[in-house]
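Okay, so here's the structure we're looking at.
Quick note: the coordinates plus some simple rules give every number you see, no bench work behind them. All figures in this text were calculated on a predicted structure; none of them were measured in a lab. Positions of Cβ are backbone-derived with ideal geometry, glycine not excepted, and every protein chain shown enters the neighbour counts.
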Amino acid sequence: MHEPRIIKTILYLLIAIFIVIGIWGIDTYKKAYVANVRLKKKFQYIHIPTGSAYEDVLEILGNENILINLQTFNWCARRKNYLNHVYPGRYKIKNRMSNNQLINMLRAGIQNPVNLTFNDIRYLEQLAKRISLQIEADSASIMNLFHEKEFIANYGFDSNSVKAMFIPNTYELWWNTDAKGFFIRMNKEYEKFWNHERDRKSEDIGLTRNEVSTLASIVEEETRKEDEKERITGVYMNRLHKGIRLQADPTVKYAMGNFNVKRILKNHLEIESPYNTYKYAGLPPGPIRIPSIGSIDAVLNYEKHDYLYFCARDDFSGYHVFAKTLSQHNNNARLYQRALSRRRIYK
């Protein structure tokens, strides 16, 4: 009599258990596999700093407001033990990612690299600031490394020549690269840039790598016209070969610490500095800016000619007129000085 009732009770219990398991399974599935990232665009990046703990990641995600439900992320992260596998970096978060997808990416440290770019840099302070805006290393740590004489000496540079190591380009780096990592990577790129062909050309023209970069930095300050750089380099090479002082205005501006000067005056020429090529013969001790690849190659492939002088054109086109004799040059210079005066440019 009781056997059918017992069987029915067992069936009801089994059905209830299956229902509970089903509800639990559906809830678990939703927490782990249903989209929990909501963005206004297809993707965005988050940055997890070095030394971050799990609580820091939660704060970052909360501040970015990219999760539909932070609690389900936390639930899933704890079950996947993400708390003990937090890795710094720059992560690409895609719209409609699930908690499982997001945590798997973060837990494995699958970050996206940065396309680090720098150009048009005169001072190391500018470089440090530009780099610090693109990777985790701050400008202070980068500058401190530039001033560590023993460290940079290990790579064959000193405080005057170190700018020559940085070749303006776009490089793929991890966002959490520190100052030392950045320096080491740039040195590798420097050695790669100075291939056999460039080293051979440098040797052929009688200049070291640093001297090539130093001359290239002067040429780049003289003109932004790519089709004129090889000719201007030729002028400076002729003067070097003849033992004539370069008398390059950009080196005076560098010695002054002021590149905004439009007109070099006589008192400027007396500034005491090894970079003042009006006072000292030969090349200055290092680059006055970080020269571009185009400027470096212009030096390595400079134009052979007999010019010893050049002066800015009085039409302010950015181009220059060249002269073989001092009298020709003085005439060209007078025309330019008059043009400056007509425009009331006196300093």
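With a point put 7 Å past each Cα toward its Cβ, work out how far R245 is from I68 in nm, to one decimal.
Distance between label points: 7.5 nm.
Using only Cα atoms and rounding to the nearest 10 degrees, what angle (0 to 90) does helix 99-108 make with the longest principal axis of the chain?
Between the helix axis and the principal axis of the chain, the angle is about 50 degrees.
Relative to the present Cα-Cα distance, how much length would full extension add between Q337 and M143 at 0.36 nm per residue of separation? Please report the intermediate quantities before stating the final value.
Numbers: separation 194, 0.36 × 194 = 69.84 nm, distance 3.97 nm.
That pair, Q337 and M143, stretches by 65.9 nm at full extension.
222 nm [θ] for the chain, helices only, -39500 (n - 2.57) per DSSP H run of 4+, per residue, to 500?
The per-residue figure over the chain is -15000 deg cm²/dmol.
Does anyone have the angle between helix 54-64 and the longest principal axis of the chain? Alpha-carbon axes, 0 to 90°, nearest 10?
Approximately 70 degrees, to the nearest ten.
Students often forget the sequence filter, so: which lysines lie under 21 Å Cα-Cα from K40 once same-chain residues fewer than 8 apart are removed?
Partners within reach: K92, K94.
Using Cα pairs under 8 angstrom and six or more residues apart, how large is the relative contact order of the chain, in percent?
It comes to 14 percent, rounded to a whole number.
So, in Å, what gap is there between the alpha-carbon centers of the range 65-141 and the range 145-201?
25
Which pairs, out of K42/K188; K149/K266; K163/K225; K229/K253; K225/K262, put more than 26 Å between their alpha-carbon atoms?
Working: K42/K188 35 Å; K149/K266 35 Å; K163/K225 22 Å; K229/K253 19 Å; K225/K262 18 Å.
Check vs 26 Å cut-off fails for K42/K188; K149/K266.
At I293 and S273, where each label point lies 7 Å from the Cα along Cα→Cβ, what is the point-to-point distance in nanometres?
3.0
For the peptides 226-235, 210-219, what is the packing order when you average, over each peptide's residues, the other Cβ atoms within 10 Å and list the highest mean first? Display every interim value, and only then the final one.
On the way: 226-235: 20.0, 210-219: 26.2.
Those peptides, ordered most packed to least, come out 210-219, 226-235.
Just the C-alpha atoms of the range 196-264: what Rg/Rh do they give, with Rh taken as the Kirkwood radius?
In the range 196-264, Rg relative to Rh is 0.99.
Which of rounded, prolate or oblate describes the range 90-167 when judged by the alpha-carbon gyration tensor and an a/c cut-off of 1.5?
Here the range 90-167 falls in the prolate category.
Could you work out how far helix 229-242 tilts from the main Cα principal axis of the chain, as a 0 to 90 degree angle to the nearest 10?
50
Per-residue counts of other Cβ atoms within 10 Å, averaged by peptide: what ranking do you get for 154-164, 324-334, highest first?
Ranking the peptides 154-164, 324-334 by packing returns 154-164, 324-334.
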